[in-house]
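Read through the structure below, which is laid out as structure tokens, and then see the notes.
The values are calculated or read from the model by the stated rules, or taken from the named source; none is laboratory data. Bear in mind that the values here come from a model prediction, so they are computed numbers and not experimental data. Please note: Cβ atoms are built from the backbone with ideal geometry, for glycine as well, and neighbour counts cover all protein chains shown. Just so you know, the surface numbers come from the protein's heavy atoms only, side chains and all, with ligands and any DNA or RNA stripped out. Shrake-Rupley method; radii C 1.70, N 1.55, O 1.52, S 1.80 Å.
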Amino acid sequence: MNVILAVGGIRPPLTGIGRYVWELACRLPRLADVESVRFYRGDGWVEHPAELLQSRGPGSGIRRRLLRSSLAVGAYRVLAPALSWWRLRPYGESVFHGPNYYLPPFPGAAVSTIHDLSIYLHPEFHPPERVAFMQKEIPAALRRASLLITDSEFVRREVIEFFAWPESRVVSVPLGVPEEFHPREEPEVQALLGRHGLRFSEYGLCVATIEPRKNIVGLLAAYRLLPDTLRRRFPLVLVGDRGWHNEEILGDIERATREEWLRYLGYVAEGELPLLFSGARMFVFPSFYEGFGLPVLEAMASGLPIVCSNRASLPEVTGEVALLVDPDDVVALGSAIERALEDEQWNRDARPASLDRALQFSWDTTAKRTVDVYRLAQESFNGTVARPAA
């Protein structure tokens, strides 16, 4: 089959949805069932997706400013579909995949990936301009889609119920984990840890964007409940770009940093992140809502004991290997963190359990199952006529 993959989500830093799109872009051309793959972005064709990762640049800031302009958003919503229809209309025999919610008008089979429904169910976690934009664009994508993909069965059920979609037209395809995430011995990570003033297996780790949904405020409150000697022996390392609605979070980060038990590293280069995972004592991820939770899978692949939220998709991803806690219960979260840091036997047993669980996920499997969905989308679309620009 011939595939068109939208790659607008590929931009540095490569996390979350960007990672998903990148892994598909790398793997789909290698599959025997895929005759050709073309890469599309809203402003035209992309020859080499790797070029989208060359520099961080000002793009995300510009996008955020444009989203705040009702005039710019209105112009985009009128012009972009018409331009995309004009560019894409000769390719109706292909399958178009929008891996980041959105779908332009397309004359053939189309698949959209819905990563989560937080924009509807928890709009307070997002900037209002994003909520307004996505709540208009997602229904348009649903009208154009032959099938939908979700990252987890949890989100699949939410999509079916929220949008009243037929179960047969929504397929869950779990995500994978790069091979770079694996256990390492101390000499392999010592140079990086030394640069950050860290010691091997003597810090807790959280990787998350600094925004309300990740519950960083609750995490810091829970870590503050630990005995002072434990906090100083196992400082918390927080990695992640600054997101939105984070004034309170950044204030808490500054306070904890002054107290000398938190190291906020901000954005970390992609090549360094697996080393930070490998060197940690445990991983903690108390998010209020996730469509999948890639950092948790990366931590399991690195052989780390896991403490995470008991909500949304996270229990589905971790299976039986994590200490699951109510993210609103700061005391319970603190107790779970203390156990993961201090209980030698549990920590030792949790590491192979995490590795075994992570083996059930791979990006190769994600790509193959995604192609299966493309095939179903073509079968679903078969016999219909070209759709008008919607």
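Listed peptides 104-110, 162-168, 244-250, 272-278 appear in the order 104-110, 272-278, 244-250, 162-168 once ranked by packing, highest mean of other Cβ atoms within 10 Å at the front. Over the range 218-259, accessible surface divided per residue gives 48 Å², non-protein components excluded, 1.4 Å probe. Only one residue of ALA164, HIS115, LEU88 has its Cα farthest out toward the positive end of the dipole of the range 81-204, where Lys and Arg carry +1 and Asp and Glu -1 on Cβ, and that residue is LEU88.
Of the three principal axes defined by the Cα atoms of the chain, the extents in descending order read 68, 45, 40 Å. When both bridge partners sit in the chain, DSSP labels roughly 10% of those beta bridges antiparallel. Residues in the range 354-370, backbone N under 14 Å from the label point at HIS48 (7 Å along the Cα-to-beta-carbon vector): list them, ranges by number please. The answer is none, because no backbone nitrogen lies closer than 14 Å to the label point. Remark: the Cα gyration tensor places the range 231-338 in the rounded category, a/c being less than 1.5. Quick one: divide the alpha-carbon radius of gyration of the range 321-380 by 2.2 N^0.38 Å and tell me what you get. So the range 321-380 has a normalised radius of gyration of 1.79. Label-to-label distance for ASP343 and LEU83 is 5.6 nm, based on points extended 7 Å past Cα in the beta-carbon direction. Here the chain exposes an accessible surface that is 52 percent carbon and sulfur, computed with a 1.4 Å probe and the other protein chains kept in place. Taking each DSSP H run with n ≥ 4 as -39500 (n - 2.57) and averaging over every residue of the chain yields -13500 deg cm²/dmol at 222 nm. Based on alpha carbons, the Rg and Dmax found for the range 118-200 are 20.2, 54 Å.
Remark: the range 123-171 carries 42 Å² of accessible area per residue (probe radius 1.4 Å; ligands, DNA and RNA excluded). Note on the range 301-384: dipole from Cβ charges, positive end direction compared against VAL307, ALA377, LEU341; the farthest Cα belongs to ALA377.
Over the range 250-299, the reciprocal of the mean inverse Cα-Cα separation, the Kirkwood hydrodynamic radius, stands at 12.9 Å.
Simple point charges give the picture: +1 on the Cβ of Lys and Arg, -1 on the Cβ of Asp and Glu, and for the chain a dipole about the Cα centre of about 1400 debye. Using R0 = 41 Å, the C-beta based FRET efficiency linking ASN2 and TYR267 works out to 0.65.
Projected label points at ASP328 and ARG195, each 7 Å from Cα along the beta carbon direction, are separated by 4.2 nanometres.
With only the Cα atoms considered, the range 85-235 has a convex hull volume of 189 Å³ per residue.
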